[in-house]
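Here is the structure we will look at.
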Ligand code: CTP
C-alpha cells in the first residue's frame, strides 16, 4: 500500500451519467493514500458538481482551460507532467473522438495532449454509440497510441430497457486496475476480498494414453494455473485446483485434485461445482486415442507401424460456460494459447466457448512462455482488450485474481 501512497493521479471526468461513480473512485483512491486532482469537462458539470468532487478529492477542482488564476498557479502543461497516471472516467464517445483526433480545445483535452504520462480510460456510453464504427475506429487509434482501456462492461444501461456493452467499469475494478498499473501488490491482493467464495482452477497438461506406458502430452508446466490458485487462496478464497500431471507442489491452503486425462479433468471440475469463479488454465489435449491398447504395443516383426485413431476430447471450458444460470459460475475465464493473430483468435474463442473473459498469450517457442516463468497476456472481455506488459506468472495471476474479485464484488455484491 505504501507504493500507492505517493502516487499522483489526474482524474478527468467526462460528461456522462456514469460520472457519479467517479466519486467512489476518488474516495477509494484517497483511502489508499493517492493524491487525486480532478478535471471536470463542461458536460461533466451537468452530472456532478465541482463542490462534491472537491470535497472528496480535498483539492481544487479544475474546470476550464481559460481559468487564468488556475492556469497561472499550475498550468495545464505542468498539471499533465506532474501526474503519475491520467485516468479518464467516464470516457464519453465525444471525449474519445477528441483524443483520437488530437483536439485540445478545453482543459481536459489540452492536458491529454500535453502529457507524456500513461493514460487509462474507462469508456461509458450507450451500446449503440460504443458499437458505432466511428467509436470503434477511435478506440483502435487510441490503443495504437498506447492508451490503456478498462471496460466498457456489458450490462444494463441507465436508460430503461437498454442493455449491451457500454457500461463503465465499476469503481472497484477501476481502482484495482490502477493498483495493478503501479504494481501495488498490497492493494490488489487485499486479504479476505474473496473470503467465502469458491474458485475453481484447471492447470497443467493432460496425458492421453496410447497404451499403459505411452501417452500424448504437451509442454504445459502448470505454473500459471498453480500461481492463480496461490493468488486466489491468498485472497481468502476456497480454491479447488484440478491439475494434470505436473511436477509442482500443492500451493498452501488449496484443495488439489490430480488427474491424468481430459475426461478425468472434466469429471473432477464438474464434481467440484458450484463455484463463483472458474478459470481454465489447463492445456487440455484436444484429442485422445480411441483405440488405446490395454497391453504395451510391441514393435511388429515386419515393422508394421501401429495406427492411432484419434477422437476429440470434451471441451471442459465450453461445457462449464454453457451450464444453465444457477449452475454456471458467475465469472468464467478461459486461456487462449496462440502462436499467431493472438488477440483475433482469442476474441473468436471467447464467443465460441461462451466464457466471459479470455486471457490470451503467445506461446510461440521464441517467447519461452510454455514452461517459462514469464508471460505477456491480453485480457479479452465483451468490452474490449487490455494489454498487460510482460511480467512473471505470479504477477499475472495476482492481477487477474484481483480483477476477477473486483468484478465479482461489483456484479454480485460482496460474499
Ligand atoms: N480447453 C478446455 N478443454 C479442452 C480444450 C481447451 O477446457 N478440451 C480450455 C483451455 O483450458 C483454455 C481454452 O479452452 O482455457 C482454450 O484452449 P486452447 O488450447 O487455446 O484452445 P483450443 O480449444 O484447444 O483450440 P485450438 O487448439 O484449436 O486453438
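What follows draws every value from the coordinates through simple rules; no lab data is involved. The shown structure was predicted, so the numbers you read here are calculated from the model rather than taken from an experiment. Using ideal geometry, Cβ is built from the backbone for each residue, glycine included, and neighbour counts are taken over all protein chains shown.
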Within the stretch 335-370, find all residues whose amide N lies under 16 Å from a label point positioned 7 Å from the Cα of residue 412 along Cα-to-beta-carbon. 355-357
Roughly how many Å is it from the Cα centre of the stretch 340-415 to that of the stretch 1-57, as a whole number? 28
Which of 217, 304, 360 fluctuates most in a GNM of the chain (C-alpha springs under 10 Å)? That residue is 304
If you count, for each residue, the other Cβ atoms within 10 Å and average over each peptide, how do 202-208, 404-410 line up from highest to lowest? 202-208, 404-410
Taking other Cβ within 10 Å of each residue's Cβ, how do 388, 287 sort, fewest first? 287, 388
Which residue, 351, 223, 395, tops the fluctuation ranking in a GNM of the chain built on C-alpha contacts under 10 Å? 351
What residue among 365, 389, 118 shows peak mean-square fluctuation when the chain is described by a Gaussian network model with Cα springs under 10 Å? 365
Separation of alpha-carbon centers, the stretch 201-251 and the stretch 120-190, rounded to whole Å: 32
If each of residue 327 and residue 270 carries a label point 7 Å out from its Cα toward its Cβ, how far apart are those two points in nm? 0.8
Cβ crowding within 10 Å averaged over residues, with 5-12, 93-100, 45-52, 152-159 ranked highest first: 93-100, 5-12, 152-159, 45-52
Based on other C-beta atoms within 10 Å, arrange 356, 362 from fewest to most. 362, 356
Over the stretch 2-187, what is the percentage of antiparallel beta bridges among all DSSP beta bridges, to the nearest 5? 20
From the Cα gyration tensor of the stretch 2-187, with a ≥ b ≥ c the square roots of its eigenvalues, which class applies: rounded if a/c is under 1.5, or else prolate if a/b is larger than b/c, or else oblate? rounded
Give me the number: length gained by fully extending residue 387 to residue 78, i.e. 0.36 nm times residue separation minus the C-alpha to C-alpha distance, one decimal in nm. 108.4 nm
